[in-house]
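S.K.: Handing you this structure, nothing more for now.
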Amino acid sequence: MKKNYLFFLFILMCLKFQGQTNCSEADSDVIYAYSDVKTSYEANNISHLKEYAYKSLMAFKRALPKLKDCGCETSYNHAFDAVDLLEKVEPAETYEDGRFFVKRARDIAKESIIELDKCTAADQKDNSLSQLKDEQETLKQQQLELQQKEKEIRMKLAAQKEKALMLKKEQMITEYKSAISVSVKNYNDILKISDSKNTISVPNESADSLNTKSIDEIKNHYLKSLKGLASTYMSYLNDCED
């Protein structure tokens, strides 16, 4: 009888350890799922929104069987609901529709983490396991901070690139306007010497409207303007021969 009791106790301990292991593994997947769905919600276009929503969906699907095994029912139910929402993101036709499902999934994912933490805390009572949990939480926080820093760096680089492009456009516009002013002055000087009654004026245009155009569009705009001025100049010059 004593042997049977010891064997039964050993089985219970193994099952508890297995449950803790599964909860620990699920914890990592749920954290990744929350991080990805948060990034998806912060995306500024539908492509990135769907990309990170899919990553979150896969992480939740990995977590579901582990949450089921470790008996964390509330966290499992939240993860299940998040999966249902995230599966609706890919077929969404608009950014707003996809973001609606992502927002709800993000909030549910956070609750899933909270409930999973409760399950894990209930199983980890001795100091050594508590210390491991603290280290794990620190690593999670560091991971989230690194992801945030990575995002900030990407945004900063994009802003620098945009600023550099804007400066290049402004410089090109300034140089073209200067060249046009010089050309118009030279044209008018020659027309005056040739006793022409006509004069050419510098085109009146707003640089702000050109800043929104691409480099090639700005170039083509000024080339067209220069050709038009040259054509007008030649026409006035031909009139001087009569």
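S.K.: Full extension from N198 to N186: what is 0.36 nm times the residue separation minus their Cα-Cα distance, to one decimal in nm?
M.R.: 3.0 nm
S.K.: Kirkwood hydrodynamic radius (Cα pairs, Å) of the chain? Walk me through the intermediate numbers first.
M.R.: On the way: mean 1/r = 0.0421 Å⁻¹.
That comes to 23.8 Å for the chain.
S.K.: Please give the FRET efficiency for E175 paired with K110, using the beta carbon to beta carbon distance and R0 = 41 Å, rounded to the nearest 0.05. Spell out each step's value before the answer.
M.R.: Working: r = 53 Å, r/R0 = 1.30.
Calculated value: 0.15.
S.K.: Okay, next question. Applying 1/(1 + (r/R0)^6) with R0 = 35 Å to the Cβ-Cβ distance of Y54 and L167, what FRET efficiency is obtained, to the nearest 0.05? Intermediate values should be presented prior to the final figure.
M.R.: On the way: r = 37 Å, r/R0 = 1.06.
That gives a FRET efficiency of 0.40.
S.K.: Treating cross-link reach as a plain straight distance, find the aspartates and glutamates whose alpha-carbon is under 13 Å from the alpha-carbon of K163, omitting any fewer than eight places away in the same chain.
M.R.: K163 reaches no qualifying aspartates and glutamates.
S.K.: Restricting attention to the alpha-carbon atoms of region 165-239, what are Rg (one decimal) and Dmax (integer), both in Å?
M.R.: 14.0, 45
S.K.: Follow-up question, since we're still on this one. State, to one decimal in nm, how far the label point of K149 lies from the label point of S47, with both points 7 Å from Cα in the Cβ direction.
M.R.: 2.8
S.K.: At a Cα cut-off below 23 Å, give the lysines reachable from K156, other chains included and same-chain residues fewer than 8 away excluded.
M.R.: Excluding near neighbours in sequence, the set is K38, K50, K168, K169, K213.
We did not get these values from a lab; they are worked out from the coordinates using the rules stated. What you are looking at is a predicted structure, and each value in this text was computed from that prediction instead of being measured. Glycine gets a Cβ as well: all are built from the backbone with ideal geometry, and neighbour counts include every protein chain shown.
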